[in-house]
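Just so it is clear, none of the values below were taken in a lab; they were calculated from the coordinates. Being a predicted model, the structure only gives us computed values, none of them experimental. Using ideal geometry, Cβ is built from the backbone for each residue, glycine included, and neighbour counts are taken over all protein chains shown.
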Amino acid sequence: MPQELPSQYDPKAIEKKWFEFWQSVPLFHAVVTKDKKPFTIVIPPPNVTGILHMGHALNNTIQDILIRVKRMQGYEALWMPGTDHAGIATQNVVERQIAKDGLKRQDLGREKFLERVWDWKNSYGSTIIHQLKKLGATCDWPRERFTMDEGYSEAVKEVFVRLYEKGLIYQGDYIINWCPRCQTALADEEAPRKDLAGKLYYIKYPIKVSPGRQAATPPEKRLKSSIVHRPSSINYIIVATTRPETMLGDTAVAVNPSDKRYKGLIGKTLILPLVEREINIIADRSIDKEFGTGAVKVTPAHDTNDYAMGKEHDLEFINIMHPNAVLNSNAGKYEGMDRFEARKAILEDLKERNLLVKIEEHRHAVGHCYRCHTIVEPYLSKQWFVKMKPLSKPALEAVKNGTIKFTPKRWTKVYLNWMENIRDWCISRQIWWGHRLPVYYCKVCLSGEQNEGNGVIVSRVKPDKCPHCGNTDLEQDPDVLDTWFSSWLWPFATFGWPFGEQKTEDGRQKTEEKKKELKYFYPTSVLVTAPEIIFFWVARMIMAGYEFMGEKPFSNVYIHGTVRDEEGKKMSKSLGNSIDPLKIIEQYGTDALRFSLISTAASGSDIYLSAERFEQGRNFANKIWNASRFIMMNIKDGPIGAEIDINNLKTQDAWILASLNDAIKKVTKSIDSLKFNEALNVAYDFFWHKFCDWYVEIAKFSIDDKNTKECLLYCLKQSLLLLSPFMPFITDEIYSNLPGEKPQALAVGNWPVVKKEFDDKIAIVVMQLVFSTVFSLRNLRAELNILPQTSARVRLSTTTKKKKQFESVLALVKRLANISELEVTTQVGQVKNSLSALVDKDTHLYLLLESLADAEKEKVKIDKQLADLIKQKHSKETMLANKEFIKKAPEAVVERERKRVIELSGSIKRLNEVRDAFA
RNA sequence: GGGCGCAUAGCUCAGUUGGUUAGAGUGCUGCCCUCACAUGGCAGAGGCCGAAGGUUCGAGUCCUUCUGCGCCCACCA
């Protein structure tokens, strides 16, 4: 019952109630509906290991607002939910779990380990989904997908096979980012570089002296060069490296062919220290003469750049490490040492032999595993790749020609730049949790006896036998696919693509329905996501959309900001600076969380958050609560929910209805242009500062009036509707408690629309006059410390026109400002024993007093006002005197300025008369 | 090394295509516990819109340079 509502809004019980209610109604389930337009969003699937953080909260609140608004606007709005299997992350979680029992995944074996992961997923994998529901997300929950559920896995397989058959997937040797801890390859994007304070070591590589010959070139020839290093006089070359341990795998030293210092040395042989292997000096144009000594040790198996050189110069590739970054037998006496141990040992040995020339401090960027932060090892291995160039073409074109738009626009460039320089995508991962490659090997063929067929079979199902030799002993590739290789299919695979073969009639029918759904809901409307996954995910989805559906996956990409703390650092668990959204929900309520997040988040800019920020949301929820409480208390007996009698509106009624129209217009427009903070702030301002601060206060004067009640109720309802996408819990709760309403979710088909009959410009002007008058009087009172309770006697001096307009609101002004006598006159001049204030350009207010305490003070005040007006007038006159301005500025602007000057002249004249009365 | 972004009130930020006297929240000051709300009301103080040039009748808004931050990309070993 309304009158029993507590005076403070307590979100807990109410949120729980609506959370449960929303789960129980089918309102958020979208189906193909011919006469409705579809509006589709696919959720960026959070990791199954995910726990709701502020980034999620922001991302999903935005999506929820969009989907709620569109649903209210009558679209068939579908928000597809689901989770991502998150290969490495999930495997890590379970590995940590079994590590407590002293087990490694290898101890369990692949099958048993995967069972454990599935167990984990089944018990904990829905945590994030539950949390999203708590956030109020109105996803189409029955449609929830998982990137490793059965149907989805079919899509992944299908895509791999299709791309392979098209020649876009290949297996190749390559230097990849290898995480020695996770024991898997990482894509470039998964191995972000961090600047580290490292060291640059200068090491001598002795030049081999052929028996019977002296140094390679006569020293004097090189002395002409002004360069410091003179390798001739000393029989070695100095190389600079940040990773001395890799020297064990050196197979050359490279210099720039144009480098005069080393001119005669190209082609000569060096003795690789410690290993005592002979390597050659080669010339390569990629070498920077300015860096280090201009001579580079080349380790083709352990450096991307060196790998390229190795290929070009046909060098030997010596891998010196095991996959766990422990040196292997190629490392000689260092075998068995970890890479960093080996570095130490090697440096010791070099020092001992006097081969370590110097050590410099050197900052450089080193790749780190994005999951465990281990320094990645550039590692030569056989991996699977996708050729990206052909896929990128339509995806580039779509963004260039505006078929797909980014908001804010600036991300377009970032996207295009990456796409234009796209590199092949390493998609194999040496982990167990994920989609296993649909690749099978025939050992017989691989052994090389057969010429046809290379022993590699790519197939949707495991073949019974090798198509080439008939061998039945086939083995599936142990690797799994990069997680993004499944998520790039998200916008269509979630609908059941590629639909497979159905054996039963029933199955076929279901498939037909699913196909219709895909046709209806795809392409999706807006993708809402964070900037850091533009490359990982957005770009790849666009490519997949065109490749497999022949159509864009979405029309708009909305990139929101990164959530940061007060110091601008990205919020993350490892930094310990994160504000837990669940705690905020606990403390302030979900609506408060949503409100504060969105009102802070200007389109696309990063969000700096502090916990206090959420008080604003809490306060607003409380305001909504109490205003509603007040209205409900006052309308409980009256005839309610009938039509507003439009022919019988008071000025204030007309004003609030016109203002409401304006708010609806602005909120709708802002949401359409994805400016959520703007939309929310308009709704906020309307509700609090127009409706509550003014209208509700005014309504108290005629609270028994039927039309007043109707207006109150109507504006409240419309406000709740406008606010409901942002603050769904409290708005549903209040709306459902309003007279004549049933418990319901404000979900479908009731978005407020502008009503032309409520547009009333005059009411706005008149009410503005009311507000200014009240405002001026309050101001005077505050100055004089006259309490508002004390009733005042006031005279207003204004124009004939305004005097007339004022007639309808005289009583209103009197009550609002507590005025016992109010006289409106067109006369000007100082009124005896009064204080004056400027209400507007041609209205003066006089507060009549028993006596005037300080006439001088009053004169000073008037002089100040006068000076200000004269200054304004002067600046406008200067502007108007400028012929260029008259000539070039739009007529409307010139006209407006002219009008202002006239107004100002009038004000100055009036004010002068007031002032003269003092003299 | 390239690219992008940001500098507006003490703090956190808005400010549409250039056009009245630059806004909000929060904090601060003063007065009010008035029967919806002190998580509230009323009033107030507080801005050379980072610096210097330029374009324009007119610049917080457009251009150039500089300064200070931040982010992304890149194989300087």
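Things to note:
- Amide H to amide H distances under 5 Å link A:ILE238 with A:TYR205, where only residues 5 or more positions off or on other chains count and H is placed in the peptide plane.
- Cα gyration tensor category, rounded, prolate or oblate, for region A:68-183 with a/c compared to 1.5: oblate
- Sorting the segments A:362-368, A:612-618, A:192-198 by their residues' average number of neighbouring beta-carbon atoms within 10 angstrom, most packed first, yields A:612-618, A:362-368, A:192-198.
- With Cα atoms, 0 to 90° folded angle of helix A:590-600 axis to chain A main axis: 90
- Farthest toward positive dipole pole in chain A [+1 Lys/Arg, -1 Asp/Glu at C-beta], among A:ASN818, A:LEU582, A:LEU196: A:ASN818
- Over chain A: helical MRE at 222 nm, DSSP H runs n ≥ 4 each giving -39500 (n - 2.57), nearest 500: -13000 deg cm²/dmol
- Peptide packing for A:122-133, A:507-518 was compared via the average number of neighbouring C-beta atoms within 10 Å per residue; ordered from the highest value, the list is A:122-133, A:507-518.
- Per DSSP, loop trypsin sites (Lys or Arg not before Pro) in region A:94-125 with at most 14 further Cβ within 10 Å: A:LYS100, A:LYS104
- Within region A:839-912, the GluC sites (Glu not before Pro) that combine a DSSP coil assignment with at most 15 other C-beta atoms in a 10 angstrom radius are A:GLU850.
- Axis of helix A:706-723 versus longest Cα principal axis of chain A: the two differ by about 10°, to the nearest ten degrees.
- Lys, Arg +1 and Asp, Glu -1 on Cβ, resulting dipole of chain A about Cα centre, debye, nearest 20: 2380
- Peptide packing for A:475-485, A:36-46, A:697-707 was compared via the average number of neighbouring C-beta atoms within 10 Å per residue; ordered from the highest value, the list is A:36-46, A:475-485, A:697-707.
- Shown is the FRET efficiency for A:LYS382 and A:GLU877, computed with R0 = 56 Å from the Cβ-Cβ distance and rounded to the nearest 0.05: 0.10.
- Residues A:LEU880, A:LEU248, arranged from fewest to most other Cβ atoms within 10 angstrom of their Cβ, appear as A:LEU880, A:LEU248.
- Relative contact order for chain A, counting Cα pairs under 8 Å that sit 6 or more residues apart, in percent: 12
- Efficiency of FRET from Cβ geometry, A:PHE21 and A:GLU891, R₀ 60 Å, rounded to 0.05: 0.55
- Prolate/oblate/rounded call for region A:458-533, Cα gyration tensor, a/c under 1.5 rounded: oblate
- For region A:739-791, a crude dipole built from +1 on the beta carbon of Lys and Arg and -1 on the beta carbon of Asp and Glu, taken about the Cα centre, is about 40 debye to the nearest 20.
- Region A:28-57 and region A:750-805 have Cα centres lying 47 Å from one another.
- For region A:234-291, trypsin sites (Lys or Arg not before Pro) are listed when DSSP marks them as loop and at most 15 other Cβ atoms sit within 10 Å of their Cβ; the list is A:ARG285.
- Stretching the chain fully between A:LYS519 and A:ASN779 yields a gain of 87.3 nm (0.36 nm per residue, less the alpha carbon separation).
- Contact order normalised by residue count of region A:379-500, Cα under 8 Å, 6+ apart, percent: 25
- Three-way shape call for region A:1-107 based on the alpha-carbon gyration tensor, with the a/c threshold at 1.5: oblate
- Folded to 0 to 90 degrees: helix A:87-99 orientation relative to chain A principal axis, Cα: 80
- Separation of alpha-carbon centers, region A:676-745 and region A:157-204, rounded to whole Å: 56
- Likely footprinting exposure, A:ARG460, A:ARG778, fewest C-beta neighbours within 10 Å first: A:ARG460, A:ARG778
- Ascending count of other beta-carbon atoms within 10 Å, so fewest first, for A:ARG896, A:ARG145: A:ARG896, A:ARG145
- Links that overshoot a 20 Å alpha carbon limit, given the list A:LYS443/A:LYS465; A:LYS623/A:LYS700; A:LYS519/A:LYS552; A:LYS873/A:LYS909; A:LYS333/A:LYS382; A:LYS194/A:LYS393: A:LYS333/A:LYS382; A:LYS194/A:LYS393
- Placing unit charges on each Cβ (+1 for Lys and Arg, -1 for Asp and Glu) gives chain A a dipole about its Cα centre, and among A:HIS85, A:TYR522, A:SER834 the Cα reaching farthest toward its positive end belongs to A:SER834.
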